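Each remark here refers to the structure printed beneath this line.
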Amino acid sequence: MTNKLLDIVERITPALRRLHLCKVVYELLRMFVPQRNTKMSFAEAEQVLQTIHRGSDASNVIPEAEAKPLEYEEYGIAVIVPAYNAEDTIDDCLYSILSRQTLVNKKCCWKYSVIVVNDGSNDHTAERLQRYAGAIHVITQPNGGLSAARNAALDYLMDGQKPCPRYLMFVDADDRLDPQMIDILLQQRVEGGSVECGYRRVTRDGKIIDIQRPPHGFACGKLVDAELFHRVRFPVGYWHEDGIWTTLIAPRLTERRCISYYLGYLYTMTPGSITNSERNDARVLDIYWMCKRENDDRLLLRIPDTQEFYEECLDDVRRVVSQTWRLPECEAYIAAMMHEMNSARFAAYSAKDWRMRQIERPLRRGDLTGVVLAALLI
């Protein structure tokens, strides 16, 4: 009966949100839905999650002793474009990057480079890239996924054999940039602060679906100091690899973040994208291994734990559970996160945000139904 009720809640939540009734309905249901606690131990939970994706102990952080000393080009910028089977989109993507307007500060000689990583494409991507010989640098490698492609570009730029561009920008091969985007972000960066802009979600034919403010946990649409990636790489083999921006990159910004509401990044929505296909896919649960690894990596980078980081962990639980609550493996995820959030590391923290408290309370006591109800409605 409880699962049927939760199913109804999930279906009507969009309407409740439009009517601003989610909080009211949540408070009513919380009093009547019976609590169901997990009896799964931490070891049992991790064993179940291992069947979805074997967790890796590999760090996303290069040890200090192994990081190559770098010389940075004061007026250098590199745009990194991973490409896998992108024959239908790579021309539009590269045209939008290469047709940029004149770079700011004409008194300085900006060195501008575009690094495209052909990540084992088996279509005509390689032939398309040959058209841009001299305008871009191409790295060809066996297919390893988005993170592996980005990492290959970072390794190339930071090999210690040549100066590294001062700034980096990531662009996906099926997306595009407004011609003025790089110029505008550079101007704002010169004035101080890390820069990130808003984006337009568009269809393949350019029809605007909606507009979004700058997303915090999204690597694209940002102009970032390359130094922040000197020792950091993207996690290979996992979904939501951009999560390192929130956990390992943003906390190390030494200057203010400049939020530009200029909608310069055109994010293409495609039917087969991870964003569109992740609901009810058990692989979403492997975000547990990412969180666990990134928590340890923060210590390697000497990033202190904060209240904001604690509540970001709770928000990850809310997002993952809302997508996967129907899956039997979701209980293992909740049990594992219950032990993680009750660990000595987080025991001293308590959610301040009302929404996060609704996730925190049932999570810490192992109440499966309470976590799901809060994840769906809050």
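The values are calculated or read from the model by the stated rules, or taken from the named source; none is laboratory data. Worth saying up front: this structure is predicted, and the values here are computed from it rather than measured. Quick reminder, even Gly has a Cβ in these numbers, built from the backbone with ideal geometry, and neighbours come from all protein chains shown. Side chains are part of the model used for accessible areas, which takes the heavy atoms of the whole protein and leaves out ligands, DNA and RNA. Shrake-Rupley method; radii C 1.70, N 1.55, O 1.52, S 1.80 Å.
With 0.36 nm allotted per residue and the present C-alpha distance subtracted, the His137-Leu28 stretch has 33.4 nm of extension available.
For the chain, the solvent-accessible area with a 1.4 angstrom probe is 47 square angstrom per residue.
Measuring r between the beta carbons of Asp296 and Arg357 and using R0 = 25 Å, the FRET efficiency lands at 0.40.
The accessible-area ordering, largest first, of the residues Lys162, Lys207, Lys222 stands as Lys207, Lys162, Lys222, per a 1.4 angstrom probe. Here is the size of the stretch 62-202 from its Cα atoms: Rg then Dmax, 15.4, 44 Å.
Which of rounded, prolate or oblate describes the stretch 277-378 when judged by the alpha-carbon gyration tensor and an a/c cut-off of 1.5? In terms of gyration-tensor shape, oblate. Within the accessible surface of the chain, defined with a 1.4 Å probe on protein heavy atoms only, the carbon and sulfur portion equals 52 percent. Rounded to the nearest 20 debye, the dipole size of the chain about its Cα centre is 1160 debye, using +1 on the Cβ of Lys and Arg and -1 on the Cβ of Asp and Glu. Measuring with a 1.4 angstrom probe and ignoring ligands and nucleic acids, Cys313 comes out at about 10 Å² accessible. Given axes a ≥ b ≥ c from the Cα gyration tensor, I'd like to know whether the stretch 126-183 is rounded (a/c under 1.5), prolate (a/b larger than b/c) or oblate. Verdict is rounded for the stretch 126-183. Amide H to amide H distances under 5 Å link Asn37 with Leu368, where only residues 5 or more positions off or on other chains count and H is placed in the peptide plane. Subtracting the Cα-Cα distance of Ser99 and Glu329 from their residue separation scaled by 0.36 nm leaves 78.1 nm.
Among Asp57, Asp281, Asp205, the largest mean-square fluctuation in a Gaussian network model of the chain, built with springs joining Cα atoms closer than 10 Å, belongs to Asp205. Just want the answer: with Cβ charges of +1 for Lys and Arg and -1 for Asp and Glu, which residue in Val114, Met338, Gly370 is farthest toward the dipole's positive end in the chain? Farthest towards the positive pole: Gly370. Of Glu73, Glu196, Glu127, the residue with the greatest mean-square motion in the GNM of the chain, using alpha carbon springs below 10 Å, is Glu127.
Magnitude of the charge dipole for the stretch 298-368, about its Cα centre and with charges confined to Cβ atoms of Lys, Arg (+1) and Asp, Glu (-1), is about 120 debye.
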